[in-house]
Amino acid sequence: MRITILLVLLYFLSFTGCKQNQLHLNKIEGKRIEVNNSITENAEIEAYIKPFREHIQNDLDSIIAYAPQTYTKSDGEFNTAIGNFMADAVYQEANPIFNKRTGHDIDMVLLNHGGIRSILSKGNISKRTAFELMPFENSIVVVALKKAQIDSMLLYLSKSKKAHPISQLKLTLNRNFEIVDAKIKNEAITNRTYYVATNDYLYNGGDNMRFFKTNDSLYILNYKIRNALIDNFLKNDTIQPSQDDRFTQIK
């Protein structure tokens, strides 16, 4: 109560018209407190959080699927098994949500090669695996793009020379990295609106993907990519990702 009264008085004095009563900040002092091993644990706090920590660790380590091989983002030049899996998982898990809300289907998915932050090791897959693959809080968004923006996206992919994960898009380049064929859901790209699923980082210009900002509409699904991976793992006892012909170069 005394502290509250003091704060009110200070506030009043700070804004009063009497110049002689005005308060002025003259100096701020502080010191650095280093966080290191010399700081001991608080036994009471540790006892309180222990059951919560154990519950989280047990949940993260629960087995939800199996990988017959080890998959890395460097196992292909233009598309990789792990990248294909992640893009397909986003499509499979996000499309029903998007369709239910809008009545439209997602036409394709584009993620980024750099967003794959870990290998997918042979053996048991847990929820922790999804956190290792996608440690960021990136969420799925769907962007409505016209043909001009789709063309800019395809040009970006052809020039990037990276295996950016894609789904429902088939792109073929010649030896000069020029586009010789591009289809979405096995159909030629026409002058209509396409609904492209990506993540909020890329939508905001990450990896120089600036073509997303010129769009008709943005749909925020409030669905993290990590959660889409976990949901997809839960539906598959054994995952079987593979490289395919979705993004290739004729040499």
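Tabulated data for the structure shown
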quantity: Burial ranking of peptide ranges 30-36, 56-62 (average Cβ count within 10 Å, highest at the top); calculated: 56-62, 30-36
quantity: Pairs beyond 23 Å (Cα-Cα), from Lys170/Lys235; Lys159/Lys183; Lys159/Lys251; calculated: Lys170/Lys235
quantity: Stokes-Einstein D in µm²/s, Kirkwood radius over Cα pairs - the chain at 10 °C with 1.306 mPa s viscosity; calculated: 73 µm²/s
quantity: Straight-distance crosslink candidates among aspartates and glutamates, where the alpha carbon sits under 14 Å from Lys127 and sequence neighbours closer than 8 are dropped; calculated: Asp59, Asp61, Asp231, Asp237
quantity: For region 100-192, fraction of C-alpha pairs farther apart than 20 Å, in %; calculated: 49 percent
quantity: Full-stretch length increase - Asn58, Lys235 - with 0.36 nm per residue and alpha-carbon distance subtracted; calculated: 61.7 nm
quantity: Axial C-alpha extent at least 15 Å, average Kyte-Doolittle at least 0.0 - helices from the chain (DSSP); calculated: 2-15, 147-160, 225-235
quantity: Set of aspartates and glutamates with alpha-carbon distance to Lys73 below 19 Å, sequence-local pairs under 8 removed; calculated: Asp88, Glu132, Asp207, Asp244, Asp245
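Each reported figure results from applying straightforward, stated rules to the coordinates on display, with no laboratory input. All values reported here derive from a predicted model rather than from experimental measurement. Every residue, glycine among them, receives a Cβ derived from its backbone with ideal geometry; neighbour counts consider all protein chains shown.
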